[in-house]
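Provided herewith is a single structure, encoded as structure tokens, for subsequent inquiry.
The values are calculated or read from the model by the stated rules, or taken from the named source; none is laboratory data. For clarity, every value in this text was computed on a predicted model and none was experimentally measured. Using ideal geometry, Cβ is built from the backbone for each residue, glycine included, and neighbour counts are taken over all protein chains shown. Keep in mind that these areas ignore ligands, DNA and RNA; they rest on the heavy atoms of the full protein, side chains included. Shrake-Rupley method; radii C 1.70, N 1.55, O 1.52, S 1.80 Å.
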Amino acid sequence: MKRRDFIKTSAIGLTAPTAIFGGTKIKTNRNAPIILSTWNHGLPANDAALKSLQNGGNAMDAAEMGARVPEADPKITSVGFGGFPDEQGNVTLDACVMDSTGNAGSVAFVQNIKHPVSVARKVMEDTKHVMLVGEGARQFAVSQGFEEMNLLTDESKAEWEKWKMKRSEMTPHETHDTISVLAQDKNGDLAGACTTSGWAYKMHGRVGDSPIIGAGLFVDNEIGCAAATGLGEEVIKTTGSFLVVELMRQGYDPTTACEEALNRVIKRHNGNPDFQIAYIAIRKDGKIGSACIKWSFEYALAQGGVNKLHKIEGMI
Ligand code: ASP
């Protein structure tokens with residue numbers, strides 16, 4: 001992009017109905033909300049997000065409401081209540097949110113709180129900080145009226161005990177499934193939420209990509225938003241979600257932007273990484289995209305009155 005075009009685009013600012021990014025004309029998608037979430041637990045999450053929009057919520061409300069559904073479901077062993085614990089048997093949770101103003105909030109390594117995504121939103125809205133971790137995050141949650149509870153269900157405990165007997169290394173493609181929810185509301189504004197119990201049987205204290213702004217989630221209301229699932233360590237090393245958004249800014253369409261971000265990871269692993277990462281993205285014009293490194297990945301897309309699961313195949 002020429003400097004002159006860049007200045008023109010920047011000067012148009014947040015409210016421009018049309019902006020030019022990397023030579024691509026992007027017209028803001030208005031009055032046609034979109035909810036895009038990771039994995040099949042994205043379907044009920046999308047339903048809740050849509051309901052929030054119907055009740056007058058904005059993109060941030062929708063993303064948060066969506067993410068709360070798998071957090072509360074004890075049968076989903078990768079998020080919130082019922083999530084698989086770390087190697088010591090503690091359920092430790094990571095979550096973040098980012099809204100259309102570029103504001104962000106996050107909690108990491110938080111315990112005994114069922115809805116870390118809502119705590120992350122409180123951090124964003126009611127503190128001067130972006131991120132609270134561990135005991136401090138728990139104390140903040142309690143001070144805000146969040147109830148404390150044991151998040152380790154009998155089922156997840158039994159699985160952890162089985163794992164302890166053999167202590168085999170679990171890779172996140174076996175035990176993954178972060179929920180990331182991206183939303184575009186009727187005004188065309190974008191927001192996102194991401195929440196997870198992370199890598200099952202991880203080291204105590206491990207934090208993944210999901211609460212790291214720019215890694216697990218990034219929202220730029222001018223151009224688009226993106227979120228990740230999969231091996232968090234590798235997403236962090238490539239600032240994955242930020243990279244996807246910046247590639248869209250350079251003119252890549254959403255799927256190609258996801259692929260290009262994954263290419264950085266694939267190259268670092270000599271063309272054959274033995275783990276999964278998937279990205280989802282919404283561009284400001286309502287175009288959505290997704291890509292995953294290998295095997296397959298499913299995302300749930302709610303658009304135009306249809307909420308449906310879509311399966312994509314890996315790049316390698
Ligand atoms: N990204 C998550 C983490 O590394 C796990 C996942 O989505 O599979 O904590």
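Which of the lysines could be linked to residue 25 by a straight reach, that is with a Cα gap under 19 Å, when you skip same-chain ones fewer than 8 residues away?
Output for residue 25: 2, 8, 284, 287.
Using the Karplus equation 6.51 cos²θ - 1.76 cosθ + 1.60 (θ = phi - 60°), what ³J(HN,Hα) coupling, rounded to whole Hz, does each residue of the range 286-300 give in order, writing x for Gly and Pro?
Each residue's phi maps through the Karplus curve to give x, 7, 10, x, 6, 7, 9, 5, 8, 6, 9, 8, 10, 10, 9 Hz.
Then there is this: Measure off 7 Å from each Cα along the Cα-to-Cβ vector at residue 260 and residue 144, then give the distance between these two points in nanometres to one decimal.
Once both label points are built, they end up 3.5 nm from each other.
With every protein chain left in place, what is the accessible area per residue of the chain in square angstrom, probe 1.4 Å?
Value returned for the chain: 42 Å² of accessible area per residue.
Next question. Tally Lys/Arg at +1 and Asp/Glu at -1 over every other residue whose Cβ is under 13 Å from the Cβ of residue 278; what's the total?
The answer is -4.
Under a Cβ-only charge scheme (Lys and Arg +1, Asp and Glu -1), can you give me the dipole magnitude of the chain about the Cα centre, in debye to the nearest 20?
980
Dipole magnitude of the range 23-77 about its Cα centre, charges +1 at Lys/Arg Cβ and -1 at Asp/Glu Cβ only, in debye to the nearest 20?
Dipole of the range 23-77, to the nearest 20 debye: 340 debye.
Another question about this same structure. For the range 70-160, which GluC sites (Glu not before Pro) are both in a DSSP coil and crowded by at most 10 other Cβ atoms within 10 Å? Intermediate values should be presented prior to the final figure.
On the way: sites: 71, 87, 125, 135, 147, 148, 155, 159; in loops: 87, 147.
Those that pass, being in a loop and sparsely packed, are 147.
Relative to the longest principal axis of the C-alpha atoms of the chain, give the angle of the C-alpha long axis of helix 42-54, reported between 0 and 90° and rounded to the nearest 10°.
60
So if each residue of separation counts as 0.36 nm, and I subtract the Cα-Cα distance between residue 295 and residue 130, what length gain in nm does that give?
55.9 nm
Using θ = phi - 60° and the Karplus form 6.51 cos²θ - 1.76 cosθ + 1.60, what ³J(HN,Hα) does each residue of the range 249-266 get, whole Hz, x for Gly and Pro?
4, 6, x, 5, 6, x, 5, 5, 5, 4, 5, 5, 5, 6, 4, 4, 6, 4
Over all Cα pairs of the chain, how is the pair count split among 20 Å bins, expressed in % and running from 0 up to the last occupied bin?
37, 57, 7, 0
Taking only C-alpha pairs under 8 Å that are 6+ residues apart, what is the relative contact order of the range 193-280 in percent?
26
Working from the pairwise distances between different alpha carbons, so that the mean of 1/r is found and then inverted, what is the range 54-118's Kirkwood radius in Å?
Kirkwood hydrodynamic radius for the range 54-118: 12.6 Å.
Find the lysine pairs in the range 70-187 meeting two conditions, Cα atoms under 15 Å apart and a separation of 8 or more places or different chains, and report how many there are.
The result is 4.
With a 1.4 Å probe and all protein chains kept in place, how much accessible area does residue 69 have, in Å² rounded to the nearest 10?
Around 50 Å² of this residue is reachable by solvent.
What percent does the relative contact order of the range 74-163 come to when contacts are Cα pairs within less than 8 Å and at least six residues apart?
About 31 percent, as a whole number.
Could you size up the charge dipole of the range 187-316 around its Cα centre, putting +1 on the beta carbon of Lys and Arg and -1 on that of Asp and Glu, and report it in debye to the nearest 20?
I would put it at about 220 debye.
Express in nm, to one decimal, how much length is gained between residue 233 and residue 312 on full extension, taking 0.36 nm for each residue of separation and deducting their alpha carbon distance.
Taking 0.36 nm per residue and subtracting the Cα distance, the gain is 26.2 nm.
Please state the equivalent ellipsoid semi-axes for the range 21-76: what are the square roots of 5 times the Cα gyration tensor eigenvalues, largest first, in whole Å?
Three semi-axes, in Å: 26, 14, 8.
Which percent of the accessible heavy-atom area of the chain goes to carbon and sulfur, probe 1.4 angstrom?
Carbon with sulfur: 50 percent of the solvent-accessible area.
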